[in-house]
Amino acid sequence: MAVDRMIISRLQKGTGFEEKPKNIRMLKNYFLTAWRNLIKTKGYSALNISGLAIGMAVALLLGLWVYDQYSYDKFLPDHQRLYVVRRNFNSNGTILNFTSTSLKLANTLRTDIPEIEYVAESEGTNLHVLLYKDKRFYLPGETIGGDFLKMFAYPLVTGDAATALKEPYSIVLTQSTARSFFGADDPIGKMVRIDNQHDLKVTAVLKDLPYNSSLRFDYIIPFAYAAIQKDYAGQGMASSFGNNSFGIFVKLKPGVSYARLEPKLKNIEHTETNNINAMGSEVMLQPFANRHLYGNFVNGKELGGFLDYVHMFTFIGALVLLIACINFINLTTARSEKRAREVGVRKAIGSLRSHLIVQFLAESLLLTFCAAVLALLLAQAALPAFNNLTQSHIRIPVDHLVFWSILLGSVTLTALVAGSRPAFYLSSFQPVKVLKGGVNTGKGGSLSRKILVVTQFSCSIALIISTIIIYRQIEHARNRPTGYDISRLMMTWMNSELDHNYPALKNELLQKGIAVGVSKASGPATDVWSHSDVGWPGKKAGETIEMGTITVSADYLKTVGMSLTDGRDFNPADTLSVIFNETAIRQMRLKQPIGQTVVWDTTRRIVGVAKDALMVSPYSGAEPTQFLFAPSSTSYVMLYRLSPSISTADAVAQLNKLFAKYNPSFPYTYFFADAKYAEKFRLEVLVGKLAGIFAALAIFISCLGLFGLAAYVAEQRTKEIGIRKVLGASIPQVWMLLSRDFIVLVVVSCLIASPIAWYFLQDWLMKYEYRIDIGAGVFLLAGGMALLITILTISFQALKAATANPVNALRSE
């Protein structure tokens, strides 16, 4: 007591007797003291470091993933000058956006717009069989205009970009494809046979495309080759702006901005005044580097797409890191009484408040550094599973100085954010009060801690609610009736050889009982590739319908399992007949559709009305669709339904033999319609899984902090608990004493999180035409889960304190 009085006396006189240390020695002392405190309180240090490490690992993984998504196509030189040509089409006042364009538009851009340096028309990516000697591969390739390699400066291993696609019968291979065919030999000049029809000369070899390229292919074929084989000139495919079946890429000249070019492009198709498709279209350009993130167009404007989910997970990463920082703040300030006398002595002997702030920030920096090291280890361990889940190829770029600079800056910032309140709070203690009898944090410190806990759990509960809503929306769409039968329905891409032998193959499939239905069509059963306008009785001037158009052969409706609500199916004489789905009939306002005529390529008679089927999106209504009976026209897909009497494994074994017999030049490839339909949920399923994982991590981090706070409270009230037990308090009463405040905080968190989550989730659901309603049940479920987890977390410490021997607690009294 004499020493304390002497210190207080000196403090009151405003004098000090500690010599100010040098900067280096001071810093050394700061970190040495920080290390000693870390070792001294191993339990709390472990909780702090673990919580921060998990939060930082989540932020690191999501940060790398977000950077990866933004990096798509940015590796291309002059990517700012590359654009995709798109069309805004006015359909009865609704602006629809398409990437399908015409060859006439490509030629017009090439000849009439001097600001455009290069134009490349594209058929898109298609599968072809490439053959060299005894080596045969079925690979995806791009069919595109001759200037493509001048525009897209993909690095070449060998060959000249200016001439590689000049000749129609040429081919450019990627490095891995060339190696598969030729090994170490020089491929230039060698002949590769395509689809067992024509020989193409290898003119160049590309380096393998990086994973963050939105274009994916193993070879490039000149568009001129496709134009010759499909006789685009003879079919008049370049004669009208209405023949929209192709993609177009353009590269602007240096110094030309799209804003300058836009007025020239907008109405470029309006010269065809007798073409409603052309007159309703406005041409626009989308930056090529935006293709990956921007897929949604509303009223002709880019309004996100996958970018929305990138923003969502950026926010979630920051949220989880914030929760971890709140843990740090709470656990540090809760232990303030343990450091109060230390602060008082330091101030009494002359330490400035600034010195104490630096001391506590140094401790925060040390803890954060330890957490960062652990976070790197956790992130590296989780990376394979994360890449597999997100279908990414990210890695931790430990060989890049920029990464370490960002990481160091992030660690420092996190340390300052997480350690600022403890530093300023602890350094504010008045030494006179502290040394006389400790410090009472009072309601202010307790209130601020409660606010942080509520903030923490509000975020966690909001994530839990989001996860539940996302999964409910997915299941809602999955359980929606599709309108046709996709089970045991198989599809195979057509080619000229298979098309020629189709009648014999169909006959044998049915005779052997492998299939109960076989047909072919211009598109798969799970999508609509082509759209066109039609004329119908009562059509108003300027009125249009973007009608899905599918050409089919006999038995199509039977094979895919569609039913008719009116009329009949096609018969062999129905080459000028059409079947519409219910949505198309409603939009055309036809009361008695059977027998009426419509105009498409020619006048056709309606013979049937098919029940609506969800061929495009399970989240919206069926598209208006017409089925045209055209067995001799080009078909892209063969469809066949397996017999219920044969197992899938046996069927595939027999199908392999039959396709080898009737389609020997091509390997047998197939896909199931139900698997293709399931792919429509891929993005939502990914979002649901990631949201679930991060919600679980957020609640786990919150519970780490709650566990530490419960232990602290139990420690602070040890003597009170002992006295209560001596006076007859039961274990449940002591448990309730220690748990009540935390349960109240979580209930308050539920009340705050629920309306916030409802607001944002309601906005998210609005983009789905077919969606769930958010009822009270989801909030009760999320709140119940949070309460249960909270009770389990704090019960360990509460029961430990409640069952302790009161003699030990009161011994010092």
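The values are calculated or read from the model by the stated rules, or taken from the named source; none is laboratory data. Values in this document were obtained by computation on a predicted structure and should not be read as measured data. Glycine also receives a Cβ, built like all others from the backbone with ideal geometry; neighbour counts cover every protein chain displayed. With ligands, DNA and RNA removed, areas are computed over all heavy atoms of the protein, side chains included. Shrake-Rupley method; radii C 1.70, N 1.55, O 1.52, S 1.80 Å.
Observations, loosely collected:
- Separation in nanometres of the label points that stand 7 Å from Cα toward Cβ, at GLU543 and ARG179: 6.1
- Leading residue at positive end of dipole, the chain (Cβ point charges), from SER635, GLY542, LEU156: LEU156
- Distant-in-sequence amide contacts of SER91, defined by a placed amide H-H separation under 5 Å and a gap of 5 or more residues or a different chain, comprise LEU96.
- Relative to the globular-protein estimate of 2.2 N^0.38 Å, the Cα radius of gyration of the range 84-236 stands at 1.13.
- Cut-off under 5 Å, modelled amide H: who pairs with GLY305 long-range: GLY295, ASN296
- Paired Rg and Dmax values of the range 163-316, which use every Cα atom, in angstrom: 20.2, 57
- With N counted as the residues of the chain, its alpha-carbon radius of gyration over 2.2 N^0.38 Å works out to 1.25.
- Counting only whole DSSP H helices of the chain, the ones at least 27 Å long by C-alpha along their axis and with mean Kyte-Doolittle hydropathy no lower than 1.6 are 306-334, 776-802.
- Ligands, DNA and RNA left out, the 1.4 Å accessible surface of the chain is 59% carbon and sulfur atoms.
- Calculated FRET efficiency for the pair THR603/PHE98, C-beta based, R₀ 25 Å, to 0.05: 0.40
- Space enclosed by the convex hull of the alpha-carbon atoms of the range 597-681, per residue, Å³: 167
- At an R0 of 25 angstrom, the distance between the Cβ atoms of VAL616 and LEU576 translates into a FRET efficiency of 0.40.
- Cut-off under 5 Å, modelled amide H: who pairs with MET562 long-range: ASP485
- The largest-to-smallest principal axis extents of the Cα set in the range 630-717 are 85, 30, 26 Å.
- Over 17 Å [Cα-Cα, the range 223-298], rounded percent: 61
- Applying 0.36 nm per residue to the separation of ASP186 and VAL748 and subtracting their alpha-carbon distance, the gain on full extension is 195.2 nm.
- For the chain, the mean residue ellipticity at 222 nm estimated from helices alone is -16500 deg cm²/dmol, where every DSSP H run of n ≥ 4 contributes -39500 (n - 2.57) and the total is divided by all residues, rounded to the nearest 500.
- The fraction of Cα-Cα pairs per 5 angstrom bin, counted from 0 for the range 461-521, comes to 4, 13, 16, 14, 10, 8, 8, 8, 7, 6, 4, 2, 0 percent, rounded to whole percents.
- Hypothetical label at GLU167: residues of the range 175-206 whose amide nitrogen lies under 12 Å (7 Å Cα-Cβ projection): 188-192, 199-204
- Three principal axis lengths of the range 500-609 [C-alpha, angstrom, descending]: 52, 25, 23
- Computed over the range 92-157, the percent of Cα pairs more than 16 Å apart is 66.
- Beta bridges by DSSP in the chain, antiparallel share as percent, to the nearest 5: 80
- Where the chain is the region considered: accessible area per residue in Å², 1.4 Å probe: 46
- Taking label points 7 Å from Cα along the Cα-to-Cβ direction, ARG586 and SER448 give a separation of 6.0 nm.
- Largest-first principal axis extents of the Cα set of the range 174-253 (Å): 47, 33, 23
- Spacing of the modelled spin labels on ILE731 and ALA696, each 7 Å from Cα toward Cβ, amounts to 3.1 nm.
- Residues in the range 598-621 that a label on LEU765 would reach, taking backbone N under 19 Å of a point 7 Å out along Cα→Cβ: 618-621
- Efficiency of FRET between ASP674 and ILE594 - r from beta-carbon atoms, R0 22 angstrom, step 0.05: 0.10
- Histogram of C-alpha separations across the range 519-569, 5 Å bin width, %: 4, 17, 21, 20, 20, 11, 6, 1
- Extension gain, SER530 to LEU780: 0.36 nm times the residue separation minus the Cα-Cα distance gives 85.4 nm.
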